[in-house]
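The structure under discussion appears below in the form of structure tokens.
The values are calculated or read from the model by the stated rules, or taken from the named source; none is laboratory data. The structure presented is a predicted model; accordingly, all values stated were derived computationally and were not measured. Heads up, the Cβs are rebuilt from the backbone with ideal geometry, glycines too, and the neighbour counts pull from every protein chain shown. All accessible areas refer to the heavy atoms of the entire protein, side chains included, with ligands and DNA or RNA removed. Shrake-Rupley method; radii C 1.70, N 1.55, O 1.52, S 1.80 Å.
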Amino acid sequence: QVQLVESGGGLVQPGGSLRLSCVASGTIFSTLTMSWYRQAPGKQRELVAQFTSGDRTNYADSVKGRFTISRDNAKNSVYLQMNSLKPEDTAVYYCRGTKSIYNYWGQGTQVTVSS
């Protein structure tokens, strides 16, 4: 059973930074294609950042230049470094692991950007 556990969320002032982590278990981590999503209140869940083929990365236009996705296969972890945070980045952030036709989700971590 694949499990994903996010951490690192919290309350931060506009302009601040946070680093989210997601640890996977129950599978060989390097076989998972990892991505980060977020869902703000009253809105649909949206893609924030992802690894594509060959470990290339892709970002939502709204976070380009501010967020960075990275992974450490030795630690079974994927990270989301978030800089220059804005109030509109407030959401629950989820990591997702994809393997074949299956998607696995973490429980989410709350990020609140407010003064």
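Only one of the listed residues (ALA74, ALA49, ALA91) is of a type in the set (A, V, I, L, M) and surrounded by fewer than 13 Cβ atoms within 10 Å (Cβ to Cβ). That residue is ALA74. Looking only at residues of region 52-71 that are among the basic types (Lys, Arg) and over 14 Å from CYS22 (Cβ atoms), we find that the one that is most open to solvent (accessible area, probe 1.4 Å) is ARG56. Consider region 28-44 and keep the residues that are surrounded by 14 or more Cβ atoms within 10 Å (Cβ to Cβ) and within 13 Å of VAL78 (Cβ to Cβ). The one that is nearest to the chain's Cα centre (by Cα) is TRP36. Summed over region 68-109, the residues that are under 23 Å from LEU11 (Cβ atoms) and modelled with pLDDT under 95 give a count of 0. Checking the stated criteria, ARG19 turns out to be basic (Lys, Arg), over 13 Å from TYR94 (Cβ atoms) and open to solvent by 60 Å² or more (accessible area, probe 1.4 Å). The residue that is surrounded by the most Cβ atoms within 10 Å (Cβ to Cβ), counting only those in region 1-14 that are more than 11 Å from the chain's Cα centre (by Cα) and within 15 Å of GLN81 (Cβ to Cβ), is VAL12.
Taking GLY65, is it among the small types (Gly, Ala, Ser), part of a loop (DSSP other than H, G, I, E, B) and either without any contact (Cβ under 8 Å) to a residue 24 or more places away in the chain or closer than 19 Å to GLN13 by Cα (or both)? So GLY65 fits the description; yes. A residue that is of a type in the set (S, T, N, Q) and closer than 21 Å to SER100 by Cα occurs somewhere in region 57-64.
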